[in-house]
Amino acid sequence: MTKIVCSVCGSEDVQAKVWTKPNENFDRTCDFIDELIAEPADCWCCNCEENQKLIIVEEVNNEPPPKQYTCPACQEDALKYAMIDTDGTNLEEGYSCGECGECFIGLDNQEVIEHNPEITEDNE
């Protein structure tokens with residue numbers, strides 16, 4: 001069985017803003033899920049309390065939590081993938097620290113990669 005979760009914290013308590021035509025394909029509501037989660041600006045994680053990219057995962061017992069990396073700013077293992085609001089209207093992929101709150105824009109952010117060389121392996 002699949003479920004839609006936050007790509008940062010793994011929470012199932014997520015919301016998505018969608019325009020639908022309820023009188024068309026009423027019984028096939030799952031057909032638009034990929035499109036529904038394609039725009040992080042239209043997705044919300046109630047646990048993170050911010051817009052986050054949502055992902056579809058297979059429901060597996062004892063599934064490991066999302067990978068955390070070392071934050072270059074505070075040196076804590078609390079850095080995770082995040083969608084970062086750059087100017088109030090645009091979201092960029094990057095990393096956010098759950099400890100100090102520092103954000104690093106870009107999945108290829110050199111400062112983050114210098115502290116976490118395994119990121120390049122994880123993103124391949």
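The values are calculated or read from the model by the stated rules, or taken from the named source; none is laboratory data. A quick note: this is a predicted structure, and the numbers were derived from the prediction, not measured. Here the Cβ is made from the backbone with ideal geometry for all residues, glycine too, and neighbour counts use every protein chain on show.
Looking only at residues of segment 62-115 that are part of a strand (DSSP E or B) and polar (S, T, N, Q), we find that the one that is modelled with the highest pLDDT is THR70.
Residue count for segment 36-61, restricted to those that are of a type in the set (D, E, K, R) and modelled with pLDDT under 65: 1. When the residues of segment 1-16 are filtered to those that are in a loop (DSSP other than H, G, I, E, B) and among the small types (Gly, Ala, Ser), which remaining residue is nearest to the chain's Cα centre (by Cα)? Step by step, filter segment 1-16, then rank; the result is SER7. The set of residues in segment 71-97 that are within 15 Å of CYS48 (Cβ to Cβ) and free of Cβ contacts under 8 Å to residues at least 24 places away in the same chain comprises ALA78, ILE84, GLY94. Taking the stated definitions as given, is GLU24 among the charged types (D, E, K, R) and modelled with pLDDT of 70 or more? The answer is no for GLU24.
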